[in-house]
Amino acid sequence: MTAVPAVLAAMALAACSPGGSETRVAPPPAPPADIAGFCAALHEELPEKVAGLARTTTEPQSGLTAAWGGSAIVLRCGIPKPPKMADPDQDGVTVNDVAWLLEKLPDGGFRFTTGLRKAYTEVRVEKEHATDAGMLVGLSTAIAATVPEGISSY
């Protein structure tokens, strides 16, 4: 995956967080045990803040999900391999040695999905907060520390 200059140029530092004490996040279907183990380790290492947004409790509570700033940034670990992962023309970016597939969503937000890791992790970012690729720094650090490099079997 290569860096996407247009995306990085368009992104600027994210502002403050929306409120909210709980966010509804549908966990992915139950992944195999080894992948769930990587996700549990990741869940413990996730930062308390991402792009200046505080971590939010997810409902239902799951070791496969996390959120910051309400639903501004939502993470789901252990998702099945996204079909777009097989498309060599997809855009991507590498942050702290973690490769991310980059998809612009119809609502103006973004979806980032890790590649070349033993568990796929998806991060959705609302349009208003999709202003800084730097938000992936802390998430990438946690992923690099807990999810080994390789190709997920799921």
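The values are calculated or read from the model by the stated rules, or taken from the named source; none is laboratory data. Predicted, not measured: the structure shown is a model, and the values here were computed from it. Cβ atoms come from the backbone with ideal geometry, glycine included; neighbour counts cover every protein chain shown.
Quick look at the values:
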| item | result |
| --- | --- |
| Search result, residues across region 131-145 that are touching a Leu at 6+ places or on another chain (Cβ under 9 Å) and under 24 Å from residue 23 (Cα atoms) | 131, 132, 133, 134, 135, 138, 139, 142, 143 |
| Residue 107 over 16 Å from residue 142 (Cβ atoms), in contact (Cβ under 8 Å) with a residue 60 or more places away in the chain and outside any strand (DSSP E or B) | no |
| Residue satisfying condition, being small (Gly, Ala, Ser), within 17 Å of the chain's Cα centre (by Cα), modelled with pLDDT of 80 or more and assigned to a helix (DSSP H, G or I), within set 36, 26, 54, 67 | 36 |
| Candidate set: region 110-125, residues that are outside any strand (DSSP E or B) and at pLDDT 95 or above; chosen: the one nearest to residue 28 (Cα to Cα) | 119 |
| So residue 66, is it small (Gly, Ala, Ser) and in contact with a Lys or Arg (Cβ under 8 Å, 6 or more places away or on another chain) | yes |
